[in-house]
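Derivation of every value follows stated rules applied to the coordinates shown; laboratory data play no part. The model shown is predicted, which means the values in this text are computed figures rather than measured ones. Every residue, glycine among them, receives a Cβ derived from its backbone with ideal geometry; neighbour counts consider all protein chains shown.
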């Protein structure tokens, strides 16, 4: 029996999708025949992304700030208006500035906490309310980072604040399971995005090495031997957001080329 995702005409909301991982996730769902809303706070980038993705299928763009209460409520309400409901939430967000704990200010921590803790929790609640009221047996996929398992030396804000995603996934999976709503998370490893470029630049600055040497240092940590692509990562969103994973809920899936060493 051939595997079927059953994603055709499914209603998908992808946040932070004007570039990078979010845009690749939106493209992957569109290629499966889904109807997709993408979001970003940057209108220029979002419009450009929507124009590119429109070649793949039905795409809608919602400009709103994911780090604010008003922005989150606007994202959900407009998605419901545009799609008539939400079957899958694919939560992606930008990354806070790199640096160590001793380099970060109170405002840095406050901003990161809003973006990586408050934002996904409140968005999850608002989407859940919509799914429950419409009796939608939906899916939620929250993107975090492998750093929540094994902290990265110069990514203190991400190391600490993204851990909340793990707690959110496990908590929502239990709360929403009785409604038939599945909640899972993804822990990307090193994926070729602006974030990896920033990490590479930081290595270059701190160690005085070339760009190639910095990228080689990153790649050498990955058992598969290379930095992943956004297209490869997007396939894991399709798995968790489709009928290919009907009994998977509360899981945190590493997509890291074997990078994580820990067992627990």
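A few comments on the model shown:
- Peptides 179-191, 41-53, 159-171 ranked from most to least packed by the mean count of surrounding Cβ atoms within 10 Å: 179-191, 159-171, 41-53.
- Spin-label pair residue 232/residue 174, simplified geometry with 7 Å Cα→Cβ offset, distance in nm: 3.5
- Model label zone, residue 43; criterion: amide N under 16 Å from point 7 Å along Cα-to-beta-carbon; scope region 62-97: 62-66, 71, 75
- Angle in degrees between helix 69-83 and the longest Cα principal axis of the chain, rounded to the nearest 10: 50
- Virtual spin-label span in nm between residue 107 and residue 197, 7 Å along Cα→Cβ: 2.6
- Acute angle (nearest 10 degrees) that the helix 119-133 long axis makes with the longest principal axis of the chain, alpha-carbon atoms: 20
- MRE, 222 nm, helices only [DSSP H, n ≥ 4, -39500 (n - 2.57), over the chain, to nearest 500]: -13500 deg cm²/dmol
- Alpha carbon centroid spacing (whole Å) that separates region 208-258 from region 129-202: 13
- Spacing of the modelled spin labels on residue 251 and residue 58, each 7 Å from Cα toward Cβ, amounts to 2.9 nm.
- Folded to 0 to 90 degrees: helix 194-207 orientation relative to the chain principal axis, Cα: 10
- Backbone N within region 98-140 under 13 Å of label point (7 Å from residue 205 Cα along the Cβ vector): 98-100, 103-104
- Taken along its principal axes, the alpha carbon cloud of the chain reaches lengths of 55, 47, 40 Å, longest axis first.
- Pairs of alpha carbons in region 41-161 separated by more than 26 Å make up 31% of all such pairs.
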